[in-house]
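To start, the structure under review is shown below, and the notes come after it.
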Amino acid sequence: MSTLVMKSRWHSDTLFQRACWSSAILIGVLLVSILLSLLHGAWPALEKFGFGFLFSTEWNPITSEYGAANALYGTLVSSFIAILLALPLSLAIGVFLTELAPAWMSHSVAAAIELLAAVPSIIYGMWGLFVFAPWFSEHFQLWALDAFSEVPVLGLLFSGPPMGVGLLTSGIILAFMILPILTALIKEALSTIPNVMREASYGIGANRWEVTFFVLLPAVRSAIFGAVILALGRALGETMAVTFVIGGAQDMNTSLFMPATSVSATIAEQFNEATNDMHISSLLALGLLLFVITFAVMAVARILMRKRKLS
Amino acid sequence: MRLRRKITNMVFQLACMFATIIGLSVLVAILYTLVSKGLAGMQWSLFTEITPGPGSEGGLANAMLGSLIMTSMGILIAAPIGVMGGTWLAEYGANSKVASTIRFLNGMLMSAPSILIGLFVYEMVVINMGHFSGWAGAIALAIIALPVIISTTEEMLKLVPTSLREAGSGLGAPKWKVVTLLGYRAISTGLVTGILLAIARISGETAPLLFTSMNNSFMSLDPNQPMANLPVTIYQFAMSPDETWNQLAWSGALLITLTILALNLSSRLLPRLAKRR
């Protein structure tokens, strides 16, 4: 009798444990399957174009010649712009929330910024295309074209048609999208600094600027670096918002006002319309590229953050 | 020198304040746009009529219902698997090598671009079925929800005090009973919060649905057929030159954002309410 009870108990216990184990293992299986299925789908394109796929600016469904360079350029430049704009902004907001603002204000402002993270990316896209782009064209691009036309480097960057959409606009919209996560991580990092450090710095007569810039920010340098990499990973893979505002042109330009494309936007725009196999395969090759890039970036971010936790 | 320090300090503080105002004004601007453009189309017909052909009037009923069906199916697939996966990480895997690898991969899956999930499900499901389907959309959404549920479940279970487990085991309960009857009950609010967050995460997803469920301009409840849904409808209607479609896109956008913000707020309020009781 008792062995029977023991046996059935052992049985249900193992069953439960095995079910849980398989569910956890499924995550690994899924990731490997995603990689393999992309690799499988991308194979014809990779076989045909080889490493040249990475560097070719050709994207021509008629001649069936495909290269990733335009899309890669768009993805990298727009994400870089996004980090460039979002980092100082979120540093300032993070400092404001932890060091300057009174507690009640800090709480509610932080909650509002977090809400920004909940807004779906398609909404950012619509807002970017229909509200931000016209405003940006009228109030920045026209002015910048005029003001920087004679300046060496800036003149080159800020040239082209002031249509509102393009590389710079998608960089800005991406910056708004990664702002909440970056702010939250920076705020968290700043709040781990023990108060003694602040007291000591203020005690020797430093003011807020000096305490922040020379003591607090250097102390959380590595955490900020990890946060930036994490935000970069988000920006690289973002699809819908970029698809709306980047302009959708298979082109590579130094001008940031020109319409361009990104890896994810190219896939989103063309995958359902692609009819010949090489086109589909090339789009899947772009997907594989995106998978590898974001995986590498996120892995670096995670390893950086884990190291920080240990030390 | 003293003056310069003072001025730098002032400029710095003003800059921080200014940055915060910029961040907040983006939120306000987006919400303002949604309300001012979306409210005009908030009529009863939005909920009763299906998406119209070009140039005629209609609503979003089929898209809302399709989104509701696919989101529910996605959550129904992801929730049990996610809860069990999180349970394994917290209760069985703990600090083992396998568990930390799974944790790492779970984080990777969570931050994988959602469009890649769409491509994956297209390759696995859509190609095998031969056409887009509601099932494919639900599976894509489930894969996105899964890592969120796994990590919240694990976090919550870790908070359950060991004494509770010991009390259960001491009474002779087998481990699975301790976990399900004591552990899950102790973290029930946390589990619901995690699932609410997962719903919020997937209900705005557009990219993974483009290649899986696609869209359907008719009312269809059959998950074996392409299924209408709000995000893809918004995308297609917003990009078109048709004005009635644009108006419907804005109304849909307002609806979807309000839903997601409400889900987020309730996931934040729920633990507090539960504590008070």
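Taking the conditions (1) of a type outside the set (Lys, Arg); (2) part of a helix (DSSP H, G or I); (3) in contact with a helix residue (DSSP H, G or I) (Cβ under 8 Å, 6 or more places away or on another chain) in turn, residue B:132 satisfies each one other than (2). Take the conditions (1) surrounded by 13 or more Cβ atoms within 10 Å (Cβ to Cβ); (2) more than 7 Å from chain A (Cβ to nearest Cβ); (3) under 30 Å from residue A:129 (Cα atoms); (4) touching a residue at least 24 places away in the same chain (Cβ under 8 Å); residue B:56 misses just one of them, which is (1).
Among residues of region B:22-58 being of a type in the set (Ser, Thr, Tyr) and touching a Ser or Thr at 6+ places or on another chain (Cβ under 9 Å), the one that is nearest to residue A:176 (Cα to Cα) is B:51. The helices (runs of 4 or more DSSP H) falling completely within region A:197-305 that include 1 or more residues that are over 30 Å from residue B:127 (Cβ atoms) map to A:221-237, A:240-245. Taking (1) part of a helix (DSSP H, G or I); (2) open to solvent by 10 Å² or more (accessible area, probe 1.4 Å); (3) at the interface with chain A (Cβ under 9 Å from one of its Cβ atoms) in turn, residue B:148 satisfies each apart from (3).
Tell me, yes or no, whether region B:95-105 has at least one residue that is within 7 Å of chain A (Cβ to nearest Cβ) and touching a residue at least 24 places away in the same chain (Cβ under 8 Å). No, region B:95-105 has no match at all. For the criterion of being in contact with a helix residue (DSSP H, G or I) (Cβ under 7 Å, 6 or more places away or on another chain), within 12 Å of chain A (Cβ to nearest Cβ) and not hydrophobic (A, V, I, L, M, F, W, C), residue B:201 passes.
Out of curiosity, is residue A:252 open to solvent by 10 Å² or more (accessible area, probe 1.4 Å), in contact with an Asp or Glu (Cβ under 9 Å, 6 or more places away or on another chain) and touching a residue at least 40 places away in the same chain (Cβ under 8 Å)? Against the criterion (open to solvent by 10 Å² or more (accessible area, probe 1.4 Å), in contact with an Asp or Glu (Cβ under 9 Å, 6 or more places away or on another chain) and touching a residue at least 40 places away in the same chain (Cβ under 8 Å)), residue A:252 does not qualify.
Candidates in region B:6-36 are the residues that are within 19 Å of residue A:120 (Cβ to Cβ), β-branched (Val, Ile, Thr) and more than 8 Å from chain A (Cβ to nearest Cβ); of these, the one that is surrounded by the most Cβ atoms within 10 Å (Cβ to Cβ) is B:35. Residues in region A:216-246 that are closer than 29 Å to residue B:109 by Cα and either more than 9 Å from every other protein chain (Cβ to nearest Cβ) or of a type in the set (Val, Ile, Thr) (or both): 19 in all. Only residues that are among the aliphatic types (A, V, I, L, M), away from every other protein chain (no Cβ under 11 Å) and surrounded by fewer than 20 Cβ atoms within 10 Å (Cβ to Cβ) were counted in region A:181-215, giving 7. Which condition from (1) open to solvent by less than 20 Å² (accessible area, probe 1.4 Å); (2) among the hydrophobic types (A, V, I, L, M, F, W, C); (3) within 14 Å of chain A (Cβ to nearest Cβ) is the one that residue B:228 breaks? Among (1) open to solvent by less than 20 Å² (accessible area, probe 1.4 Å); (2) among the hydrophobic types (A, V, I, L, M, F, W, C); (3) within 14 Å of chain A (Cβ to nearest Cβ), the lone unmet condition for residue B:228 is (3).
For region B:238-254, a residue qualifies if it is in contact (Cβ under 8 Å) with a residue 40 or more places away in the chain and within 11 Å of another protein chain (Cβ to nearest Cβ), and the qualifying residues are B:250, B:252, B:253, B:254. Filter region A:200-256 for residues that are on the phi > 0 side of the Ramachandran plot and modelled with pLDDT under 90 and give the result. Matches in region A:200-256: A:248 only. Evaluation of residue A:173 against the conditions (1) β-branched (Val, Ile, Thr); (2) assigned to a helix (DSSP H, G or I); (3) without any contact (Cβ under 8 Å) to a residue 40 or more places away in the chain shows that the sole unmet condition is (3). Scanning region A:18-48 for residues being farther than 29 Å from residue A:285 by Cα and open to solvent by less than 80 Å² (accessible area, probe 1.4 Å) gives a total of 4. Take the conditions (1) more than 10 Å from chain A (Cβ to nearest Cβ); (2) open to solvent by 50 Å² or more (accessible area, probe 1.4 Å); (3) within 25 Å of residue B:99 (Cβ to Cβ); residue B:176 misses just one of them, which is (1). One residue stands out among those in region A:255-311 that are hydrophobic (A, V, I, L, M, F, W, C) and in contact with an Asp or Glu (Cβ under 7 Å, 6 or more places away or on another chain): the one that is least open to solvent (accessible area, probe 1.4 Å), which is A:260. Would region A:222-237 turn up any residue that is over 21 Å from the mean Cα position of the chain (by Cα) and either β-branched (Val, Ile, Thr) or surrounded by fewer than 20 Cβ atoms within 10 Å (Cβ to Cβ) (or both)? Scanning region A:222-237, I find no residue that is over 21 Å from the mean Cα position of the chain (by Cα) and either β-branched (Val, Ile, Thr) or surrounded by fewer than 20 Cβ atoms within 10 Å (Cβ to Cβ) (or both), so the answer is no.
Each row is one residue, and each column tells you yes or no for (1) part of a helix (DSSP H, G or I); (2) under 21 Å from residue B:93 (Cβ atoms); (3) within 22 Å of the chain's Cα centre (by Cα).
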residue	(1), (2), (3)
B:110	yes, yes, yes
B:118	yes, no, yes
B:140	yes, no, yes
B:158	yes, yes, no
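Only a single criterion out of (1) within 14 Å of chain A (Cβ to nearest Cβ); (2) open to solvent by 10 Å² or more (accessible area, probe 1.4 Å); (3) assigned to a helix (DSSP H, G or I); (4) not aliphatic (A, V, I, L, M) is not satisfied by residue B:86, namely (2).
The values are calculated or read from the model by the stated rules, or taken from the named source; none is laboratory data. Keep in mind that what you see is a predicted model, and the values were worked out from it rather than measured. Here Cβ is always computed from backbone atoms with ideal geometry, including for glycine, and neighbour counts include all displayed protein chains. Surface accessibility is based on the protein's heavy atoms, side chains included, excluding ligands, DNA and RNA. Shrake-Rupley method; radii C 1.70, N 1.55, O 1.52, S 1.80 Å.
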